[in-house]
Each structure stands twice: as C-alpha cells, then as structure tokens.
Amino acid sequence: LGMAGGVDGSEPGIVTVSMKASDCNAIKVLLDAGEVVTASIGLPADSGPESVGSSMDNGVIAHEYGHGISNRLTGGPGNTGCLTNNEQMGEGWSDFFALITTVRPGDTGATKRGIGNYSDRQPIDGGGIRRLPYSTDFAINNHDMDDVIGTTAPHDLGEVWATAVWDLYWAMVDIYGFDEDVINGTGGNNMAIQIVMDGMKLQRCNPGLLDGRDALFTADFLNYDGIHECLIWEVFARRGMGFDAEQNDRSDR
C-alpha cells in the first residue's frame, strides 16, 4: 500500500523502508522460528547531500581567491593583465594557496594531497582533479618541467609549478619546523610562503616557469640574505628546472 496522506490531507511522518518481497519472506521465516532479526541500512559509497557545492570545499575557495592575489601582485598592484601568456603559472599559485591553507598538523611532504576532493565526492586521501595529487614523494607525483610540453589547459602547467613550490615549502619545514600560526608564525612553512608571495611581486610581467624560479632567489635574498639559494636550486633541479633548464619563449610551452 502506498503511504498516502491521511483523511486530513497531511503527509504521514512515519519513516518507512521498502524491501524486496524475497527479503521480507526470509525475515518472516526467521521470526516464525523464534529468531531475533537485526537489520541495518548500509550507506552507499557516494552518500551525502544530493548536490555538493564547490563553495563548501575550502581548497576550491582558497584556489579561486588565490587568482586575485597572483593577478594583482604580478606586474604590480596597478596591473592585472600580467598573467596572460601561455607559460604563466596562475593555476599553480592558486593550487599552492589551496594546499597551504588546508595543511593540517601531522601532515608531511609525502602526504598525498588532492585538489577538489570534496567537490568531486572523493575521500580526503583521494587523487583530486589534477593529473597527479601533490606530494614530495616521486612515487606519487613525478612531475617535472617537461610535463608542460604539449599541454594546453592552464591547470596542466600550473600543476608543475605548484609541485615545485610545494616541494620548497616542505624543504623549509624540514629545516625550520612547522608553525600552525599561518599569520604570525616563524616556521619554515611561514618562510616559504613569504618567499613565494614576494616572488610574485618581484617577477616580470607575463613570466615563465624559470622567471618565477628566479624571482624566488630575489625574494630569498631580500628576506633572508639569500641563505636558501642552494636549497632553491636543489628543489627546482629535482623538478627539471635547474641550472641548465631553458625557458625560451614564454608564450610557447
């Protein structure tokens, strides 16, 4: 029988569960035999609200807000048109912002971090919506500069940049430790964020990957007397952006 409205027209408030007749008959047999029947409802793997909004995904919010930062800092605050070339890293900085604002105490560089996991109905340790999740572990993320060749989407290029600066973040955490205070902290994570942030201010208009790398050297010199020069070289060389790397045309990947 259907759960139709009562004589007063109101909808019934009785919780119901529909089952197959074969299952009901099996339960009846057990009950007739004096057995105690216990049932539970298993949730599907994709349980949760019918619609998942990206506005509830902290990483997505931080990523999109990051575009406002990189566009305003590159080329100076009065110029928002300095990230229009093919080899510009706007999506990479935005992924970096998503990562640094959602990192949790206990995470390590090797921890697999995906972008857009919630919006894509993936678990916390899911791969995310990028080609590879972010990690300093090459077994998880082996991106290097050659992985931008032939790509057209801005995210594919940004992944490579974000991977390198994420490596730098954790390399500095390894030296100076992690500080949970993102605003006033003095840990290696804070120092790396400062270098990356100031690098955007110092780089040329319409930069390429190696322009961005070189701006980090300048930022490190201005903030920390350049004491991390060798570290920056090592981090970027590991991702194919070392001393012998060639950027060439900033408008051609």
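The values are calculated or read from the model by the stated rules, or taken from the named source; none is laboratory data. None of the values given here were measured: they were computed from a predicted structure. Backbone-built Cβ (ideal geometry, glycine too); neighbour counts: all protein chains shown. Each accessible area value is taken on the protein alone, full model and side chains, heavy atoms only, with ligands, DNA and RNA left out. Shrake-Rupley method; radii C 1.70, N 1.55, O 1.52, S 1.80 Å.
Take segment 97-110 and flag every residue that is more than 11 Å from N58 (Cα to Cα) and either aromatic (F, W, Y) or open to solvent by 40 Å² or more (accessible area, probe 1.4 Å) (or both).
R104, P105, G106, T108, A110
Going residue by residue through segment 223-242, is there one that turns out to be in a loop (DSSP other than H, G, I, E, B), of a type in the set (V, I, T), out of contact with any helix residue (DSSP H, G or I) (no Cβ under 8 Å at 6 or more places or on another chain) and open to solvent by 70 Å² or more (accessible area, probe 1.4 Å)?
no
For segment 78-85, check the following and say yes or no: at least one residue is modelled with pLDDT of 90 or more and either open to solvent by 80 Å² or more (accessible area, probe 1.4 Å) or over 30 Å from N248 (Cβ atoms) (or both).
yes
Among the residues of segment 159-217, which ones are in contact (Cβ under 8 Å) with a residue 24 or more places away in the chain, over 12 Å from F236 (Cα atoms) and of a type in the set (A, V, I, L, M)?
Correct list: M172, V173, I175, V182, M191, A192, I193, I195, V196, M197, M200.
Taking C205 and the conditions (1) under 19 Å from the mean Cα position of the chain (by Cα); (2) part of a loop (DSSP other than H, G, I, E, B), which numbered condition does it fall short on, given that it satisfies the others?
Condition not satisfied by C205: (1).
If you check every pair at least six apart or on different chains, which have Cβ atoms under 6 Å apart with a residue in segment 236-250 that is under 19 Å from A192 (Cβ atoms) first and a residue that is assigned to a loop (DSSP other than H, G, I, E, B) and open to solvent by 30 Å² or more (accessible area, probe 1.4 Å) second?
Pairs found: R239/D144.
Any residue in segment 83-94 that is in contact (Cβ under 8 Å) with a residue 40 or more places away in the chain and over 9 Å from P207 (Cα atoms) sitting within a Cβ distance under 9 Å of a residue that is small (G, A, S) and open to solvent by 10 Å² or more (accessible area, probe 1.4 Å)? List the pairs, counting only those 6 or more apart or interchain.
N86/S251; E91/A153; S94/A62
Could you grab me the full set of residues in segment 70-91 that are in a loop (DSSP other than H, G, I, E, B) and of a type outside the set (G, A, S)?
Correct list: T74, P77, N79, T80, C82, L83, T84, N85, N86, E87, Q88, M89.
Within segment 121-131, is even one residue open to solvent by 60 Å² or more (accessible area, probe 1.4 Å), part of a helix (DSSP H, G or I) and without any contact (Cβ under 8 Å) to a residue 24 or more places away in the chain?
no
Being of a type outside the set (S, T, N, Q), in contact with a Gly (Cβ under 9 Å, 6 or more places away or on another chain) and open to solvent by 10 Å² or more (accessible area, probe 1.4 Å) is true for just one of D181, D198. Which residue is that?
Answer to the check: D181.
Please give the number of the condition A139 fails out of (1) free of Cβ contacts under 8 Å to residues at least 24 places away in the same chain; (2) open to solvent by 60 Å² or more (accessible area, probe 1.4 Å); (3) farther than 19 Å from A237 by Cα.
The single condition A139 does not satisfy is (3).
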